[in-house]
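What follows is a short report on a single structure.
The values are calculated or read from the model by the stated rules, or taken from the named source; none is laboratory data. In this text, all values refer to a predicted model and were calculated from it rather than measured experimentally. When we count neighbours, we look across all protein chains shown, and the Cβ atoms used for this are built from the backbone with ideal geometry, even at glycine.
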Amino acid sequence: MVTTQPWSVLGGSPYRADCPTRQILDRIGDRWTVLIVGALWDGSARFSELRRRIEGVSQKMLTQTLRGLERDGLVHRTVYPEVPIRVEYKLTEAGRTLREPLRALEEWSITHLGGVSASQETYDHANQNTP
């Protein structure tokens, strides 16, 4: 007897802990993914270029995120047999479809920065003495 998972019939539900769409949402919602996709917006880049473009990302996090994106089919890694070896990363066709939604999030954060900062200040001030 073959049992069908509910997400296969319904197209997935990231609200269910056992649904594979949750893993995809976790990947694309990760801050480093958002920044890597943005950094690869215009084409390919080497690892060192990505590190320079994305301030604050550690070598370990950049490596882990790129590997995850490659595994998920969102980033393509090309190794050129040169001395020294050159490795470049670029968005796949699927990865390029993320550009617009993630760009919208980036623009939203820029547009609403002032309001969010003001809310944080107000909240922090009101809860200063709360244990």
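Points to keep in mind about this one:
- Residue 17, sole failed condition from (1) of a type in the set (A, V, I, L, M); (2) assigned to a loop (DSSP other than H, G, I, E, B); (3) modelled with pLDDT under 90; (4) surrounded by 14 or more Cβ atoms within 10 Å (Cβ to Cβ): (4)
- Enumeration of residues in segment 53-85 that are of a type in the set (A, V, I, L, M, F, W, C) and in contact (Cβ under 8 Å) with a residue 12 or more places away in the chain: 54, 57, 61, 62, 66, 69, 74, 75
- Residues that are surrounded by 17 or more Cβ atoms within 10 Å (Cβ to Cβ) and hydroxyl-bearing (Ser, Thr, Tyr) within segment 49-89 comprise 65, 89, listed in sequence order.
- Condition check for residue 130 on (1) hydroxyl-bearing (Ser, Thr, Tyr); (2) part of a helix (DSSP H, G or I); (3) more than 20 Å from the chain's Cα centre (by Cα): one failure, at (2).
- Summed over segment 30-45, the residues that are touching a helix residue (DSSP H, G or I) at 6+ places or on another chain (Cβ under 9 Å) and over 17 Å from residue 59 (Cβ atoms) give a count of 5.
- Filtering segment 65-100 to residues that are touching a strand residue (DSSP E or B) at 6+ places or on another chain (Cβ under 8 Å), assigned to a loop (DSSP other than H, G, I, E, B) and over 13 Å from residue 44 (Cβ atoms) leaves 74, 85, 98.
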